[in-house]
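The values are calculated or read from the model by the stated rules, or taken from the named source; none is laboratory data. Predicted, not measured: the structure shown is a model, and the values here were computed from it. In this analysis, Cβ positions are derived from the backbone assuming ideal geometry, glycine residues included, and neighbour counts consider all displayed protein chains.
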Amino acid sequence: MRILIVGLGAAGQRHARNLRRLLGGDVELLAVRQLGGGSALPDGLEPQRGVLPEDSLGIRVFTSLEDALEEQPDGVVIANPTSMHLATASASLAAGCALLIEKPLSHSWDGVPEFVELASNSGAPVLVGYQMRFHPLLKRLRDLVRDGEFGRVISAASTYGEYLPDWHPYEDYRRSYAARSDLGGGVLLTQIHDIDNLGWILGWPESVYSVGGHLSDLEVDVDDTAVTTWPCMMDGRGVPVHLQQDLVRRPPVRRLELVMEAGVLSLDLLAHRLQATDTRAVLVLDELLEDFDRNDMFLAEMAHFLSCIEGRDTPRVPAVEGARSVAVALAALRSQRTGAAERVVYPRGE
């Protein structure tokens with residue numbers, strides 16, 4: 001199998017390492033690197049100074065996407081900055097390749113509906129990279145909600161916070177895509193997982209209200225703080241949803257809590273622990289993944305993508321699904337500018 005990776009930053013290298021782990025020498029790795037340089041990141045955190053990622057991982061490098069696509073890869077992993085995703089994805093799809101597109105699908109709505117339609121009609125698998133959908137406890141939480149074991153949802157609250165300079169301590173955070181509006185950064189878009197988690201579990205909102213923006217002393221030109229709320233229609237009721245996100249918090253946190261008719265469900269996505277209490281505050285469920293590693297989600301996602309390429313599965317998060325979370329994030333950003341609730345515009349036919 002031949003896989004092309006567009007972008008060899010931290011995300012691209014992680015995907016390359018996982019492909020080697022899953023397929024070993026049975027995969028030929030290609031990459032497009034327009035910037036070049038950089039160091040190999042064998043564990044995704046500590047750079048291997050003086051060693052290029054392509055040398056460390058056995059990757060054949062191209063400087064143009066057109067030249068790389070002429071090699072007719074079976075799949076393309078799109079891991080360049082968010083603002084470049086759609087153009088790269090469209091060209092790769094036109095070449096007949098299966099796609100794994102890092103989240104979010106795009107940083108603006110321009111071209112998104114057209115790409116969703118193109119992906120739907122292409123016949124090639126298109127998977128958007130929401131690796132948290134492969135977290136066993138997030139799926140377990142969703143099943144508990146769908147099964148009605150704890151009754152109906154009364155309210156939902158999700159919290160994410162992490163200090164941006166701590167993401168990649170080996171590089172200047174001000175140059176990262178998350179810190180730059182021209183690359184599609186900001187907490188709402190970069191940490192769009194939290195929107196996707198809520199939409200996947202509870203359903204998608206018709207409108208959102210958000211406050212926030214660049215409120216810290218971080219040297220960024222994007223939103224570093226956002227508090228977003230919306231009513232989620234469930235069983236004919238408007239269930240209140242509260243999402244709090246920032247790029248300034250230490251220590252990091254990522255939690256999801258659902259108040260249910262028959263108790264409270266709490267998921268800590270960093271500790272990999274799901275707990276439930278009943279109406280008397282008695283702990284009735286406590287599930288901990290002791291040996292779970294964050295990369296396990298990425299490995300499962302990549303194994304799923306390979307299965308899609310081989311025709312044994314269909315994408316768990318197709319383009320139309322990936323576009324929903326982008327629509328919500330963009331509505332939240334509009335709300336921050338207008339000071340009013342904003343309607344969410346989904347792809348045609350949604």
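Annotations for the structure displayed:
- Test: residue in the stretch 173-183 that is in the same structural domain as residue 274 (by TED's automatic domain parsing), farther than 16 Å from residue 247 by Cα and out of contact with any Pro (no Cβ under 8 Å at 6 or more places or on another chain): yes
- Strands (runs of 3 or more DSSP E) (entirely within the stretch 106-223) containing at least 2 residues that are within 30 Å of residue 261 (Cβ to Cβ) and of a type outside the set (Gly, Ala, Ser): 153-161, 207-213
- Members of the stretch 309-350 that are among the polar types (S, T, N, Q) and part of a loop (DSSP other than H, G, I, E, B): 314
- Which listed residue, of 274, 306, 299, 256, is out of contact with any Asp or Glu (no Cβ under 6 Å at 6 or more places or on another chain), assigned to a strand (DSSP E or B), modelled with pLDDT of 95 or more and among the aliphatic types (A, V, I, L, M): 256
- The number of residues in the stretch 308-347 that are surrounded by fewer than 22 Cβ atoms within 10 Å (Cβ to Cβ) and of a type in the set (Gly, Ala, Ser) comes to 4.
- Residue among 176, 90 that alone is over 21 Å from residue 302 (Cβ atoms), surrounded by fewer than 18 Cβ atoms within 10 Å (Cβ to Cβ) and of a type in the set (S, T, N, Q): 90
- Screening residue 66 with (1) touching a helix residue (DSSP H, G or I) at 6+ places or on another chain (Cβ under 6 Å); (2) closer than 15 Å to residue 4 by Cβ gives one miss only, at (1).
- Yes/no for residue 53 being crowded, with 16+ Cβ neighbours inside 10 Å, modelled with pLDDT under 95 and either over 24 Å from residue 345 (Cα atoms) or of a type outside the set (Phe, Trp, Tyr) (or both): yes
- Qualifying residues in the stretch 177-209 (those that are farther than 29 Å from residue 140 by Cα and among the hydroxyl-bearing types (Ser, Thr, Tyr)) - the one farthest from the chain's Cα centre (by Cα): 181
- Residue within the stretch 193-213 that is modelled with pLDDT under 95, aromatic (Phe, Trp, Tyr) and either surrounded by fewer than 18 Cβ atoms within 10 Å (Cβ to Cβ) or not assigned by TED's automatic domain parsing to the domain that holds residue 80 (or both) present: no
- Subset of the stretch 135-170 that is free of Cβ contacts under 8 Å to residues at least 60 places away in the same chain and under 17 Å from the mean Cα position of the chain (by Cα) - its residue that is surrounded by the most Cβ atoms within 10 Å (Cβ to Cβ): 167
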